[in-house]
1. Within the range 29-66, count every residue that is part of a helix (DSSP H, G or I) and of a type in the set (Ser, Thr, Tyr).
2. Being in a helix (DSSP H, G or I), hydrophobic (A, V, I, L, M, F, W, C) and modelled with pLDDT of 95 or more narrows it down to one residue among 137, 157; which is it?
3. Could you check the range 50-90 and list, in sequence order, the residues that are open to solvent by 80 Å² or more (accessible area, probe 1.4 Å) and more than 21 Å from residue 20 (Cβ to Cβ)?
4. Quick one: what pairs do we get from the range 70-98, first residue touching a residue at least 24 places away in the same chain (Cβ under 8 Å), second open to solvent by 40 Å² or more (accessible area, probe 1.4 Å) and of a type in the set (Asp, Glu), C-beta under 7 Å, 6+ apart or different chains?
5. Inside the range 184-214, can you point out the residues that are open to solvent by less than 60 Å² (accessible area, probe 1.4 Å), within 21 Å of residue 109 (Cβ to Cβ) and of a type in the set (Val, Ile, Thr)?
6. Which of the residues belonging to the range 23-35 are surrounded by 13 or more Cβ atoms within 10 Å (Cβ to Cβ) and under 19 Å from the mean Cα position of the chain (by Cα)?
Amino acid sequence: MSLLNLQNIEKELKRRHQHPYKWFRKQNDAWDNYTNFIYRTSSWDTLVQKIAIVAEAQELDKQQFFQYAANRWYNFWSAQTVEQIFAEMEGIEPAEEVRDSEKDFYLLGIPFDHKTSVFPKQFEKSFEYAQSHKGELIEWLYKNQSTQKRHHFKNRLFIVVFERTGEHWKLKAELTLLKKAIEKYVAAFKPAQLHSFTFADGQTTLSDIIWVSK
């Protein structure tokens, strides 16, 4: 993929904010296949047009399909840009295989997948508690997050976004803010700060959280 323009993507992602964030249904292969156009569509206006065309052609519930496609699009382009932010930093080497589901890059030689996650309500403890009990939240995230294609127990760097009003999802579009937090983390990174877990088959999993709040 050619280099993404952070400012342009941020502007387009923020246009998603005019609509509430709902899923209506769990992600599934059929609707994922209907919405695969999101990978080739970075413009919000073009996305809205394509959603309408496919919903009509497939006779799908227009509101539900709009939300499903818009959410996948929003999360995909945010993640792609964050991956690029990491890849451009000193000390980071991108994974050779673009479609590697277990790692996106190496940080000082350590392989990591990255995932931006909204602070989970289901964690049932405060953001302040989570910040001082990082290992507890990491363990929760590994065990409770998506069991879709990228579910694994390999090394992962979580970016956890928290917005005081509760609309945490909107911070996924704040790419400039995310970039600052990532740069600060990478510049000060030391392998000793990583949290170590044994989730499966006796293998050691290394993980950490980059906090982004507003």
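1. 3
2. One residue alone meets the criteria, 137.
3. 53, 56, 58, 59, 88, 90 - these are the residues of the range 50-90 that are open to solvent by 80 Å² or more (accessible area, probe 1.4 Å) and more than 21 Å from residue 20 (Cβ to Cβ).
4. The qualifying pairs are 89/183.
5. 186, 205, 209, 210
6. Selection gives 27, 32, 35.
Residue-wise test of (1) surrounded by fewer than 17 Cβ atoms within 10 Å (Cβ to Cβ); (2) within 13 Å of the chain's Cα centre (by Cα).
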position	(1), (2)
113	no, yes
125	yes, no
129	yes, no
145	yes, yes
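The values are calculated or read from the model by the stated rules, or taken from the named source; none is laboratory data. Quantities reported herein were computed from a predicted structural model and do not represent experimental measurements. Cβ coordinates were reconstructed from backbone atoms using ideal geometry, including for glycine residues, and neighbour counts include every protein chain displayed. The protein model used for the area step is the full one, side chains on, heavy atoms only, and it has no ligands, DNA or RNA in it. Shrake-Rupley method; radii C 1.70, N 1.55, O 1.52, S 1.80 Å.
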